[in-house]
Amino acid sequence: MQEFDVSINYELCTICEDCIDACDEGVFEFDSDEQQVIVKNVVNCNGCKNCTEICIVSAIYVGESIEKRKDEIEKRKELRQKRNFIFNQLIEKATPDQYGDYRLPLKDVIELMEFKHEEQLEEWFLSRDEYIGYVEDDEVVITSTEIHN
């Protein structure tokens with residue numbers, strides 16, 4: 001998969017060829033027919049941005065490729081679906097306490113839902129409409145859920 005998109009703004013480019021010299025990956029080439037620098041081997045780009053740093057007129061753009069962004073979006077979507085599924089399974093297996101709250105071990109929730117830290121879990125709760133939850137001591141407390149309504 002192509003990792004990066006590279007483009008040249010020809011309205012800004014002065015054809016100094018510094019980008020060719022700065023790029024160890026051979027992404028750029030001078031096209032003698034067109035009399036301009038072209039992006040020849042974009043698949044070789046490693047995203048180092050040496051070319052953008054050396055270009056004094058800021059004519060070069062290097063960014064994540066559309067394919068890579070689509071792949072990342074798909075991975076995030078799959079992870080979100082997985083987290084929702086796991087969370088729903090945890091709620092279904094939990095027994096509400098005397099106040100109707102569900103209490104789950106924080107460590108287990110973070111591990112099973114693949115969060116790196118507690119703050120990610122708290123952010124996840126903030127993005128949910130169907131349940132309200134928070135962390136209290138070593139537990140995740142779900143105070144309201146539409147799952148069982």
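The values are calculated or read from the model by the stated rules, or taken from the named source; none is laboratory data. Computed from a predicted structure; not experimentally measured. Here the Cβ is made from the backbone with ideal geometry for all residues, glycine too, and neighbour counts use every protein chain on show.
For this structure, a couple of remarks:
- Filtering the stretch 80-116 to residues that are at pLDDT 90 or above and either assigned to a loop (DSSP other than H, G, I, E, B) or not assigned by TED's automatic domain parsing to the domain that holds D138 (or both) leaves M113, E114, F115, K116.
- Residue selected from the stretch 127-140 under the condition over 17 Å from F85 (Cα atoms) and out of contact with any helix residue (DSSP H, G or I) (no Cβ under 6 Å at 6 or more places or on another chain), by the criterion surrounded by the most Cβ atoms within 10 Å (Cβ to Cβ): Y134
- Cβ-Cβ distances below 7 Å connect the following pairs, each with a first residue in the stretch 11-34 that is free of Cβ contacts under 8 Å to residues at least 24 places away in the same chain and in the same structural domain as I54 (by TED's automatic domain parsing), a second residue that is surrounded by 14 or more Cβ atoms within 10 Å (Cβ to Cβ) and in a helix (DSSP H, G or I), and a separation of six or more residues or different chains: E25/N44; G26/N44; F28/C19; F28/I20; F28/C51; E29/I20; F30/I20.
- When the residues of the stretch 40-76 are filtered to those that are at pLDDT 95 or above and charged (D, E, K, R), the one that is surrounded by the most Cβ atoms within 10 Å (Cβ to Cβ) is K49.
- Residue identified as surrounded by fewer than 12 Cβ atoms within 10 Å (Cβ to Cβ) and either farther than 30 Å from V140 by Cα or under 25 Å from the mean Cα position of the chain (by Cα) (or both) among Q2, Q35: Q35
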